[in-house]
Amino acid sequence: MLRFYNTLSRKKEVFTPLEGDTVRMYSCGPTVYNYAHIGNLRTYIFMDLIRRTLRFEGYKIKGVMNITDVGHLMADSDDGEDKMAVAAREQKLSPWEIAEKYTKVFFEDLKKLNIGTPEIIAKATDHIPEMINYVQALEKAGFSYETSDGIYYDIAKFPRYGCLSGANLDDQLAGARVEVNSEKHHPADFALWKKADPRHIMQWDSPWGKGYPGWHIECSAMSRKYLGETFDIHSGGVDHIPIHHENEIAQNEALTGKQSVRFWMHGEFMLVNGGKMSKSLGNTYTISDLEQRGYAPLDFRFFCLNTHYRKKLNFTFEGLDAAKISRARLNAQLAEHAAGTNKIPTEKLDSYRDRFKAAIEDDMNVPLALGVLFTAIKEPKSKDIFEMANEFDCIFGLDLNAAALPKEDAAPEIPAEVKALSDERTAAKKAKNYALADELRAKINALGYSVIDIPGGVEIKKN
Ligand code: AMP
Ligand code: ZN
């Protein structure tokens, strides 16, 4: 029986989907103003583990992840400039170019880490009408007020505010910083819509003049559009509990009066050398940084899997070195098992399988599940163990089958010529020269490869 820890009830609860065998799940996605750092990626590995666990249990998934390309301000409390605008200015690009650049790298990072892409990827800027409708509905229902710089949610109208974090309104008031926006009724009131001054690049027409949406309304509008008024799971990092997710609940439930999310699931933070990750400390590593230092992305994935998702994980290079060595040993032993001729009794294999399943079903205890694998590989060398490890890999996502492949069967290198043709095709598509793009695709096919468009880029495969 699958049990997940629900932040809302603060306990583990048995999970089954609300309707049939399809789980409807929303995951807060990246704000694409910068490269994802290893902390962000830990949270997406956590999302991936939820998805893999649900599949392991036989469920189908309708997963939605947003791409925030407008409205996320420098401080979560709606202060400061839009993160996209700041990056655009610094890099002398338009916010749209910034979004395209980092979205592409983001999906490449997910792929390198074997993180499955959710079924629906929703860009905030593609959903402005839905957000405007949502704000209008809140306005009509009396949950908002207008100030000189925007439309704000009036949290005093939503007495349940704080149900997720357990902080009541007085706590929020006491914890709020010196008030910068004196027109707000309560310091925790948050912007649904911001009025834009003419210099702001990203702005849209609305009933309140030109402006842009607040960050929180993005997730409410897109989750409701794709998943309905009540859905099964919402995931994100723990930092989102006290503001972003409280605000989503306030927006969702004001209109329906119904519980909007059944299971709130949060991944704990990654620290670096015991402290916070920050640009000023120079410790916000990206996957490319790790690759340049000689680590495979899967070394990082393996490093993350060794700590339960609800525990803080301290990143150090010593820790990553240990993970790299341990993964190499695991692969080497599995390669020996793949060639092994011993038979392992079925009861023994079943007992490993049972222990693995019990660990996963207990709120995704992946470290314990890895322990089961590490015990099993001590058995006499047998193909049975190799095959079982590959079953377990549906959760781990460590490409364990590759351990036993002769090198020429391992993922083939894409020839430079094919890569260059694919880049040309991408450029042609961007320039809307579809005839040329088709021609280039044909050339790629003629060389024995195919090119598939995926969110944020392309994938090249050998035919
Ligand atoms: P952002 O792009 O800032 O909205 O963050 C993307 C995701 O990464 C969110 O779900 C955050 O909760 C998560 N996140 C941010 N910093 C960390 C960290 N240090 N460790 C783990 N997750 C993080
Ligand atoms: Zn969100």
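For the chain, give me the percentage of DSSP beta bridges that are antiparallel, rounded to the nearest 5 percent. It would help to have the intermediate numbers written out before the result.
Numbers: 26 of 50 bridges.
Percent antiparallel among DSSP bridges in the chain is about 50.
Ala339 to His185: extension gain in nm, 0.36 nm per residue of separation minus the Cα-Cα distance?
Computed gain between Ala339 and His185 is 48.4 nm.
Compute the semi-axes of the equivalent ellipsoid of region 154-293, taking the square root of 5 times each eigenvalue of the Cα gyration tensor, and list them largest first in whole Å. Show your work: numbers first, answer last.
Numbers: eigenvalues 155, 95, 73 Å².
One finds semi-axes of 28, 22, 19 Å for region 154-293.
Of His127, His308, how do they rank once you tally other Cβ atoms within 10 Å and put the fewest first? List each step's numbers first, then the result.
On the way: His127 20, His308 15.
Exposure proxy ranking, most exposed first: His308, His127.
With θ set to phi - 60°, apply the Karplus curve 6.51 cos²θ - 1.76 cosθ + 1.60 along region 456-463 and write out the HN-Hα couplings as whole Hz, x wherever there is a Gly or Pro.
x, x, 9, 10, 10, 10, 7, 6
With the crude spin-label approximation of a point 7 Å out along Cα→Cβ, what separation in nm comes out for Leu18 versus Asp197?
Simple spin-label model gives 4.2 nm for this pair.
How far apart, in nm, are two points set 7 Å out from the Cα along the Cα-to-Cβ line at Leu93 and at Asp354?
5.4 nm
Neighbouring Cβ atoms within 10 Å as the yardstick, rank Tyr226, Tyr352 fewest first. Could you put the intermediate results ahead of the total?
Numbers: Tyr226 18, Tyr352 21.
Listed from fewest to most nearby Cβ atoms, that is Tyr226, Tyr352.
Sorted from fewest to most neighbouring beta carbons within 10 Å, what does the list Glu183, Glu379 look like?
In increasing order of surrounding Cβ atoms, one gets Glu183, Glu379.
Using a Cα-Cα cut-off of under 18 Å, which lysines could be cross-linked to Lys443, ignoring same-chain neighbours fewer than 8 residues away?
Lys419, Lys429, Lys461, Lys462
Normalised by the number of residues in the chain, what is the relative contact order in percent for Cα pairs under 8 Å and 6+ residues apart? Can you show the working numbers first?
Numbers: 722 pairs, mean separation 78.9, N = 463.
Taking the mean separation of contacting Cα pairs over the length of the chain, I get 17 percent.
On each of the three principal axes of the Cα atoms of region 1-91, give max minus min coordinate, whole Å, ordered largest first.
51, 25, 24
After finding the eigenvalues of the alpha carbon gyration tensor for the chain, what semi-axes result from the square roots of 5 times each, listed largest first in whole Å? Each step should come with its number before you reach the end.
Details: eigenvalues 326, 166, 82 Å².
Result for the chain: semi-axes of 40, 29, 20 Å.
Can you figure out the FRET efficiency of Asn463 with Lys276, using R₀ = 51 Å and their beta-carbon distance, to the nearest 0.05? All intermediate terms of the calculation are to be shown ahead of the outcome.
Values: r = 47 Å, r/R0 = 0.93.
Approximately 0.60, to the nearest 0.05.
Can you list residues whose amide H is under 5 Å from Gly237's amide H, if they're 5+ apart or on another chain and H is modeled 1.01 Å from N?
Close amide H contacts, sequence-distant or interchain: Gly267.
Calculate how steeply helix 416-430 sits against the longest principal axis of the alpha-carbon atoms of the chain, using the helix alpha-carbon long axis, and give the answer as 0 to 90 degrees to the nearest 10.
With rounding to tens, the tilt is 20 degrees.
Hey, what do the phi angles of region 296-309 turn into as Karplus ³J(HN,Hα) couplings, whole Hz, using 6.51/-1.76/1.60 and θ = phi - 60°, x for Gly and Pro?
Working through the residues one at a time gives 7, x, 5, 4, 5, 4, 4, 4, 5, 5, 6, 10, 4, 5 Hz.
Rounded to the nearest 0.05, what FRET efficiency do Lys140 and Arg10 give with R0 = 35 Å and r taken as the Cβ-Cβ distance? Could you check? It would help to have the intermediate numbers written out before the result.
Numbers: r = 34 Å, r/R0 = 0.98.
For Lys140 and Arg10, the calculated efficiency is 0.55.
Let me have the relative contact order for region 62-148, percent, based on Cα pairs under 8 Å that are six or more residues apart. Display every interim value, and only then the final one.
Values: 69 pairs, mean separation 31.5, N = 87.
The value is 36 percent.
Can you spot the lysines whose alpha carbon is less than 25 Å from Lys383's alpha carbon? Ignore those fewer than 8 places along the same chain.
Filter leaves Lys324, Lys343, Lys348, Lys357, Lys407.
Could you pull the Cα extents of region 341-463 along its three principal axes, largest to smallest, in whole Å?
60, 35, 18
Roughly how many nanometres apart are two label points built 7 Å out from the Cα toward the Cβ at Lys104 and Met1?
Distance between the two pseudo-spin positions: 5.0 nm.
Excluding residues fewer than 8 places away in the same chain, name every one of the lysines whose C-alpha is closer than 26 Å to that of Lys225.
Answer for Lys225, where 26 Å is the Cα cut-off: Lys60, Lys62, Lys83, Lys104, Lys123, Lys140, Lys157, Lys194, Lys195, Lys210, Lys258, listed by chain and number.
How large is ³J(HN,Hα) for each residue in region 375-390, as worked out from phi by the Karplus curve 6.51 cos²θ - 1.76 cosθ + 1.60 (θ = phi - 60°), to whole Hz, x for Gly and Pro?
With the stated coefficients, region 375-390 comes to 6, 4, 6, 7, 5, x, 4, 8, 4, 4, 5, 4, 5, 5, 4, 6 Hz.
On a full-extension model of 0.36 nm per residue, what is the gain between Glu439 and Asn133, subtracting their alpha-carbon distance, rounded to one decimal in nm?
Values: separation 306, 0.36 × 306 = 110.16 nm, distance 4.26 nm.
Length gained between Glu439 and Asn133: 105.9 nm.
Readers should treat all values here as calculations from the given coordinates under stated rules, not as data from a laboratory. Source: prediction; values computed, not measured. Cβ coordinates were reconstructed from backbone atoms using ideal geometry, including for glycine residues, and neighbour counts include every protein chain displayed.
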